[in-house]
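Remarks on the structure that follows.
The values are calculated or read from the model by the stated rules, or taken from the named source; none is laboratory data. Model, not experiment: these values are computed from the prediction. So basically every Cβ, Gly included, is an ideal-geometry build from the backbone, and we count neighbours across all protein chains shown. Keep in mind that these areas ignore ligands, DNA and RNA; they rest on the heavy atoms of the full protein, side chains included. Shrake-Rupley method; radii C 1.70, N 1.55, O 1.52, S 1.80 Å.
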Amino acid sequence: MKTVDFLIIGGGVVGTSVALELRRRHPKASITVLEKEKDIAAHGSGRNSGVLHAGFYYTADSLKARFTRLGNERWKAFVKERGLSINECGKLVVAKQEGELEGLRELKRRGDLNGVETYLIGEREAKELEPRVKTTQLALWSPNTATVDPLECMKALVAEARAQGIEFWLSNPYLGRRGKAVRTPQGDIEAGYVINAAGLHADRVAHDFGIGLDYRILPFKGLYLYGSEPKGSLKRHIYPVPDLRNTFLGVHFTVTVDGKAKIGPTAIPAFWRENYSGLGGFNLVEALGVLRDEAMLFLRNDFDFRRLAFEELRKYSQRYLVGQAAQMLEGTRPENFRTWGRPGIRAQLYDHRAKKLVMDFKLEGNAEGLHVLNAISPAFTAAMPFAEYVVDRAEALMSEGATAQAHSCTPGAKR
């Protein structure tokens, strides 16, 4: 049996960032990252949009607000130090109609509370930034939003971790527990402390530890349509005013790191966790559980799920998706957007007792381990400072556990 000080389950952006933070604080500790895929960033960490969010969408009391602005700064420093690709294009949030102007003002208020640089500007100023943009009276300008190549960033992050002596066990899925050990195809691992950053499978791992039993992952499929217009035809990200009652930001234009445009993403309910295409990754038991939750949401219509599901399913139509985006940008034509990109799956946490989606990052744990149950967007942007918070929580739980154990071993203590 292999024994390590820290075992991280999941080698995505959160797991790798946590491993690096543990190494910074515990230079002599043995740290192993368990990753079920043969390559890094096979799921959300390598399939996301690559947008470095600025942090103005989130309420000031949220973990997202705490970590997104700083995460944006940290990633920019990281990529520039290493000469990685970045497109500091900025973002315009536009109002399709007058009724959305208050939404723009609310985003501005949130940005101000979160210490994020944003500007409410008029239509003329918006067109100076992006000549093709369409908005009603006002737009919100975020100069610090940018784009990176997530796969390139992940390769550099993992290389940094390996250079610091962090061990990655690739092609080694978590198989369950045997006593206090974690089972893998290469044998059992006993860890001083376990941190679960398993993304799409985080709830399943947590439940084996008796943690997060009120929560389950609901997968949503994200698709982008890539444009054929020349590089530079679109200069800025163009986003709509979102419905702040849910976690999705709506169909928007993203400028890629190499200056191309794409439209998306969808947020289509998926039928199993790795429902990328066809029957790949199909698991009958898992699919039945997901379908049960989705059926209940559909029947109860919690958080207007029925309308959301129908609206998202319509986005399988390229013409419909382009039509939604065309409301924000002049000269948007269906014939210029015909190529679907690689699908991604959003690991969205669902509170099945409260019957609602969890809007913020969510952690639960004990003296054995800490479980990152919800690391949805903007987790890629926020990963580095979020990792510091994760390790803070883990160290506090370990300390509490050590204190309780010492107390239980004290002569005369209650047993």
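I'd like the Karplus ³J(HN,Hα) series for the stretch 156-164: coefficients 6.51, -1.76, 1.60, θ = phi - 60°, whole numbers in Hz, and an x wherever there's a Gly or Pro.
5, 5, 5, 4, 4, 5, 5, 5, 9
Tell me, what is the 1.4 Å probe accessible area of His26, in Å² to the nearest 10?
60
Mind ranking 63-72, 327-336 by how tightly packed they are, going by the mean number of other C-beta atoms within 10 angstrom, highest first?
My ranking of the peptides, most packed first, is 63-72, 327-336.
Give the accessible area for Lys127 in Å² (nearest 10); use a 1.4 Å probe, count only protein heavy atoms, and leave out ligands, DNA and RNA.
Approximately 80 Å² of Lys127 is accessible to the 1.4 Å probe.
Sorted by accessible area (1.4 Å probe), largest first, how do Ser62, Ser228 line up?
Ser228, Ser62
Just to check I understand the Karplus step: with θ = phi - 60° and J = 6.51 cos²θ - 1.76 cosθ + 1.60, what whole-Hz values come out for the stretch 125-133, glycine and proline as x?
Karplus-based 3J(HN,Hα) across the stretch 125-133 equals 5, 4, 6, 5, 7, 9, x, 8, 5 Hz.
Once amide H atoms are placed 1.01 Å from N in the peptide plane, what residues at a sequence separation of 5 or more from Ala181, or on another chain, have their amide H within under 5 Å of its amide H?
Residues meeting the amide H criterion: none.
Let me know the charge dipole size of the chain about its Cα centre in debye, to the nearest 20, where only the beta-carbon of Lys, Arg (+1) and Asp, Glu (-1) is charged.
So the magnitude is around 420 debye.
May I ask you to give the solvent-accessible area per residue for the stretch 148-230, in square angstrom, as obtained with a 1.4 angstrom probe?
Value returned for the stretch 148-230: 39 Å² of accessible area per residue.
Of Phe248, Phe271, which has the most accessible area with a 1.4 Å probe, and how do the rest follow in descending order?
Heavy-atom accessible area, descending, gives Phe271, Phe248.
Using alpha carbons only, how many degrees (0 to 90, rounded to 10) separate the axis of helix 63-82 from the longest principal axis of the chain?
With rounding to tens, the tilt is 90 degrees.
Whole number in Å², please: accessible area per residue of the stretch 266-415, 1.4 Å probe, ligands, DNA and RNA not counted.
Per-residue accessible area for the stretch 266-415 comes out at 49 Å².
With every protein chain left in place, what is the accessible area of Leu120 in Å² (1.4 Å probe, nearest 10)?
70
Using only the Cα atoms of the stretch 56-152, build the gyration tensor, take square roots of its eigenvalues as a ≥ b ≥ c, and label the shape rounded, prolate or oblate: rounded if a/c is under 1.5, else prolate if a/b is larger than b/c, else oblate.
oblate
Rounded, prolate or oblate: which one fits the stretch 136-179, using the alpha carbon gyration tensor with axes a ≥ b ≥ c (rounded when a/c is under 1.5, else prolate when a/b beats b/c, else oblate)?
Prolate, because a/c is 1.5 or more and a/b exceeds b/c.
Scan around Asp188 for amide H atoms under 5 Å from its own, H built in the peptide plane at 1.01 Å from N, and keep only partners 5 or more places away or cross-chain.
Amide H neighbours of Asp188, under 5 Å, 5+ apart: Lys2.
Convert each backbone phi in the stretch 400-406 into a coupling constant with the Karplus relation 6.51 cos²θ - 1.76 cosθ + 1.60 (shift: θ = phi - 60°), then list the ³J(HN,Hα) values in order as whole Hz, x for Gly and Pro.
4, x, 5, 5, 5, 5, 5
If you roll a 1.4 Å probe over the chain with all protein chains in place, what percent of the accessible area is carbon or sulfur?
51
If you count only protein heavy atoms with a 1.4 Å probe, what accessible area per residue comes out for the stretch 16-139, rounded to a whole Å²?
For the stretch 16-139, the per-residue accessible area is 44 Å².
Working out 0.36 nm times the residue gap between Lys155 and Phe271, then minus their Cα-Cα distance, what length gain in nm do you get to one decimal?
Result for the pair: 38.8 nm of gain on full extension.
What ranking of Met384, Met1, Met154, Met398 comes out by heavy-atom accessible area, probe 1.4 Å, highest first?
The residues order as Met1, Met398, Met384, Met154, largest area first.
Only Cα pairs under 8 Å and at least 6 apart count here; give the relative contact order of the chain as a rounded whole percent.
Computed value for the chain: 22 percent relative contact order.
With +1 on each Lys and Arg Cβ and -1 on each Asp and Glu Cβ, how big is the dipole of the stretch 160-215 about its Cα centre, in debye rounded to the nearest 20?
Approximately 160 debye in magnitude.
FRET efficiency for Arg314 and Ala402, Cβ-Cβ distance as r, R0 = 51 Å, nearest 0.05?
Result of the calculation: an efficiency of 0.40.
Pop the C-beta distance of Val285 and Arg105 into the FRET formula with R0 = 51 Å and round what comes out to the nearest 0.05.
According to the calculation, E is roughly 0.60.
Mind listing the long-range amide H neighbours of His371? Cut-off is under 5 Å, sequence gap 5 or more, other chains count too, H placed in the peptide plane at 1.01 Å from N.
Placed amide hydrogens put Asn196, Glu364, Gly365 under 5 Å from His371.
For a 31 Å ceiling on Cα separation, which of these pairs sit above it: Lys235/Lys315; Lys235/Lys356; Lys134/Lys155; Lys134/Lys315; Lys2/Lys155; Lys91/Lys355?
Over 31 Å apart, Cα to Cα: Lys235/Lys356; Lys134/Lys155; Lys91/Lys355.
Looking at the square roots a ≥ b ≥ c of the eigenvalues of the Cα gyration tensor of the chain, which shape do they give, rounded for a/c under 1.5, prolate if a/b is larger than b/c, or oblate?
In terms of gyration-tensor shape, prolate.
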